Amino acid sequence: MTLRNHKWRQFEEARQFVRNLRLHTYKEWCAYVLGELPEKPQLPTDIPEHPGYAYRQAGWQGYRDWRVAHSSAVGTFIIMQNC
């Protein structure tokens with residue numbers, strides 16, 4: 001099965017799974033995908049190793065958003081910058 005034809009988990013559900021892993025950096029995401037974090041559950045087959053490609057039209061906003069829920073303080077800062 002090619003990546004194009006693969007049935008991925010819905011974006012919001014996949015992102016929540018990843019956020020629950022509490023990975024702090026892109027480097028940690030890479031280590032997780034490679035199976036180098038044995039204390040974490042294995043990456044499910046319906047969550048892509050390269051989510052930017054799989055979810056590019058489904059809400060993808062980058063690896064930081066993929067790994068970490070944004071706080072209201074960050075949202076406030078962004079709003080203030082746009083004034």
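The values are calculated or read from the model by the stated rules, or taken from the named source; none is laboratory data. Everything numeric here is computed off the predicted structure, so don't read it as measured data. Because the Cβ atoms are built from the backbone with ideal geometry, glycine has one as well, and the counts that use them run over all protein chains shown.
Below, the figures for the structure above:
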{"quantity": "Residues that are among the β-branched types (Val, Ile, Thr), modelled with pLDDT of 95 or more and not in a helix (DSSP H, G or I), drawn from segment 1-44", "calculated": "none"}
{"quantity": "Residues of segment 41-63 satisfying the condition of being of a type outside the set (Ser, Thr, Tyr) and either farther than 19 Å from residue 9 by Cα or surrounded by 15 or more Cβ atoms within 10 Å (Cβ to Cβ) (or both)", "calculated": "43, 47, 48, 51, 54, 60"}
{"quantity": "Contacts under 6 angstrom Cβ, first residue in segment 8-37 being in contact (Cβ under 8 Å) with a residue 24 or more places away in the chain, partner among the small types (Gly, Ala, Ser), 6 or more apart", "calculated": "8/54; 11/58; 11/59; 19/69"}
{"quantity": "Every residue from segment 51-82 that is modelled with pLDDT under 90 and part of a helix (DSSP H, G or I)", "calculated": "72, 73, 74, 75, 76, 77, 78, 79, 80, 81"}
